[in-house]
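The block underneath contains the structure these notes are about, expressed in structure tokens.
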Amino acid sequence: MSAPTAEQRIPDRHATAERLLKSSAKKSYAPSVDIDWDAPLPADKIWVPEHRVSLYGTELWDRMTPEQRVELGKHEACSVASVGLWFEVLLMQRLLKDFYAEDPTTPRAQYALTEVADECRHSQMFARMVHTAGVEPYGPQERIRQLGKLFSVISWGPAAYGSILVAEEVLDRLQREQAGDEAIQPLMRQVNKIHIMEEARHVSFARDEVTRGMAQLGPAEKAYQRFVIAYVSMMVVRSLINPKVYAAVGIDPAVGRRAALGNPHHREMIRWAGEKIMPFLDEAGLVGRPGMTWWRKSFLLGES
Ligand SMILES: [Fe+2]
Ligand SMILES: [Fe+2]
């Protein structure tokens with residue numbers, strides 16, 4: 001018997017969505033009530049483990065006081081949260097466009113809306129966390145925020161869901177490390193725990209979209225998808241730390257940015273954070289020409 005064609009496998013997308021819908025009905029969070037937003041922030045807790053701060057190990061780091069190191073970690077944690085919610089908003093646009101184009105009664109369409117609902121709550125949660133920390137909601141640099149408007153126009157299918165996976169899995173790796181660390185602020189840990197739990201479903205959904213989508217494309221379209229995912233993923237990873245954070249500890253943003261991008265610890269952190277998702281994307285056929293320049297710039301491959 002011959003292997004089933006991609007068309008014949010389409011019911012699978014609904015099977016995955018059905019399973020995820022059941023899981024969502026069983027376990028979802030409402031951060032507005034599941035987090036104690038009025039709890040005081042203990043002064044002896046940090047926001048990010050020291051070795052995850054972008055300047056860790058640099059000369060600039062050596063010159064900083066312990067207080068400045070904690071402060072920079074807080075600003076970087078809030079930068080990552082505000083960039084995370086920016087990308088969640090782009091993902092919501094993609095999901096809503098997909099929903100708009102299909103039968104709203106199917107499990108896949110129903111799950112797309114469920115994921116939008118999750119991301120709405122997450123974005124509120126991240127914004128509220130940044131506000132509670134008393135930090136500016138940095139988000140990405142303005143040029144990239146403007147470019148983001150094109151995300152749901154130029155990307156669809158595997159490149160869209162693949163770059164969403166990069167964002168979700170990179171954040172997930174960092175958040176898992178912090179959720180179990182008692183030195184971290186309880187608010188940060190609770191936010192991370194909620195996000196980890198709900199993102200596991202999103203990752204299953206997006207992986208399914210990537211695998212199924214790639215099976216349906218011809219060579220030219222696959223090359224386009226490889227270019228788009230590499231470019232968007234590089235933009236996302238490079239945006240996580242807005243250079244403005246360095247000003248919070250008296251460092252010129254351009255100087256801090258240059259030091260972070262040249263910092264082997266920081267590059268290694270990004271490679272480590274992408275360690276789970278990159279082999280999957282590679283196997284799916286999404287890592288290759290003409291996107292390799294962007295992948296290398298992203299540090300996700302562990303090369304400069
Ligand atoms: Fe999320
Ligand atoms: Fe998500």
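The values are calculated or read from the model by the stated rules, or taken from the named source; none is laboratory data. All values derive from a computational prediction rather than experimental measurement. In this analysis, Cβ positions are derived from the backbone assuming ideal geometry, glycine residues included, and neighbour counts consider all displayed protein chains. When the accessible area is computed, the model is the full protein with side chains, heavy atoms only, and any ligands, DNA or RNA have been set aside. Shrake-Rupley method; radii C 1.70, N 1.55, O 1.52, S 1.80 Å.
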> Which one of the conditions (1) assigned to a helix (DSSP H, G or I); (2) more than 12 Å from ligand 2 (Cβ to nearest atom) does GLU169 fail to meet, given that it meets all the rest?
Replying inline: (2)
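Here are some residues: GLU198, GLU221, GLU275, GLU268. Which one is within 16 Å of ligand 1 (Cβ to nearest atom) and either assigned to a helix (DSSP H, G or I) or within 18 Å of the chain's Cα centre (by Cα) (or both)? Show your work before the answer.
Working: GLU221 fails: within 16 Å of ligand 1 (Cβ to nearest atom); GLU275 fails: within 16 Å of ligand 1 (Cβ to nearest atom); GLU268 fails: within 16 Å of ligand 1 (Cβ to nearest atom).
Every option except GLU198 fails the conditions.
Being among the small types (Gly, Ala, Ser) and either open to solvent by 50 Å² or more (accessible area, probe 1.4 Å) or more than 9 Å from ligand 1 (Cβ to nearest atom) (or both) is the filter here; which residues of the range 119-133 pass it? Outline the logic, then answer.
Narrowing the range 119-133 to residues among the small types (Gly, Ala, Ser): 123, 127, 133.
Matches in the range 119-133: ALA127, ALA133.
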>> Looking at the range 21-49, I want the residues that are in contact (Cβ under 8 Å) with a residue 40 or more places away in the chain and surrounded by fewer than 11 Cβ atoms within 10 Å (Cβ to Cβ) and have a partner that is assigned to a loop (DSSP other than H, G, I, E, B) and not small (Gly, Ala, Ser) with Cβ atoms under 9 Å, at least 6 apart or on another chain. Which pairs are those?
In response: PRO42/GLN185
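Looking at the structure I just gave you, is VAL255 more than 30 Å from ALA117 (Cβ to Cβ), touching a residue at least 12 places away in the same chain (Cβ under 8 Å) and among the aliphatic types (A, V, I, L, M)?
Numbers: more than 30 Å from ALA117 (Cβ to Cβ): yes; touching a residue at least 12 places away in the same chain (Cβ under 8 Å): yes; among the aliphatic types (A, V, I, L, M): yes.
For VAL255, the condition - more than 30 Å from ALA117 (Cβ to Cβ), touching a residue at least 12 places away in the same chain (Cβ under 8 Å) and among the aliphatic types (A, V, I, L, M) - is met.
Please determine, by comparing only the residues of the range 129-158 that are among the hydrophobic types (A, V, I, L, M, F, W, C) and within 16 Å of the chain's Cα centre (by Cα), which one is farthest from ligand 2 (Cβ to nearest atom).
As a first pass, look at the range 129-158 and keep what is among the hydrophobic types (A, V, I, L, M, F, W, C): 129-130, 133, 135, 144, 147, 150-151, 153-154, 156.
Narrowing further to those that are within 16 Å of the chain's Cα centre (by Cα): 144, 151.
Details: ILE144: 19, PHE151: 15 Å.
Across the range 129-158, the extreme among qualifying residues is ILE144.
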> Among the residues of the range 197-208, is any touching a Gly at 6+ places or on another chain (Cβ under 8 Å) and within 16 Å of ligand 2 (Cβ to nearest atom)?
Replying inline: yes
> On the given criteria, is LEU90 crowded, with 17+ Cβ neighbours inside 10 Å and either more than 19 Å from GLU76 (Cβ to Cβ) or more than 16 Å from ligand 2 (Cβ to nearest atom) (or both)?
Replying inline: yes
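Among the residues that make up the range 114-128, is at least one of them away from ligand 2 (no atom under 16 Å from the Cβ) and over 22 Å from the mean Cα position of the chain (by Cα)? Before the answer, list the steps.
Quick first cut of the range 114-128, residues away from ligand 2 (no atom under 16 Å from the Cβ) only: 128.
Next, only the ones that are over 22 Å from the mean Cα position of the chain (by Cα) stay: none.
No, the conditions are met nowhere in the range 114-128.
Picking from VAL116, VAL70, which residue would you name as being closer than 21 Å to ILE194 by Cα and not hydroxyl-bearing (Ser, Thr, Tyr)? Give the steps one after another, and end with the answer.
On the way: VAL70 fails: closer than 21 Å to ILE194 by Cα.
Result: VAL116 is the single residue among VAL116, VAL70 that is closer than 21 Å to ILE194 by Cα and not hydroxyl-bearing (Ser, Thr, Tyr).
Within the range 97-117, is there a residue that is among the basic types (Lys, Arg), within 14 Å of ligand 1 (Cβ to nearest atom) and touching a helix residue (DSSP H, G or I) at 6+ places or on another chain (Cβ under 7 Å)? Can you show your working first?
Going through the range 97-117, the residues among the basic types (Lys, Arg) turn out to be 97, 108.
Now drop any that are not within 14 Å of ligand 1 (Cβ to nearest atom), which leaves none.
No - not one qualifying residue is present in the range 97-117.
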> Among the residues of the range 92-99, is there at least one that is within 18 Å of the chain's Cα centre (by Cα), among the charged types (D, E, K, R) and at pLDDT below 95?
Replying inline: yes
>> Could you check the range 281-296 and list, in sequence order, the residues that are surrounded by fewer than 19 Cβ atoms within 10 Å (Cβ to Cβ) and either outside any helix (DSSP H, G or I) or in contact (Cβ under 8 Å) with a residue 24 or more places away in the chain (or both)?
In response: GLY285, GLY288, ARG289, PRO290, MET292, THR293
> Within the range 197-218, how many residues turn out to be open to solvent by 20 Å² or more (accessible area, probe 1.4 Å) and closer than 30 Å to ALA39 by Cα?
Replying inline: 2
>> Looking at the structure I just gave you, is TYR100 open to solvent by less than 10 Å² (accessible area, probe 1.4 Å) and hydroxyl-bearing (Ser, Thr, Tyr)?
In response: no
> Pick from ILE154, ILE229, ILE194, ILE184: which is modelled with pLDDT under 95 and open to solvent by less than 10 Å² (accessible area, probe 1.4 Å)?
Replying inline: ILE194
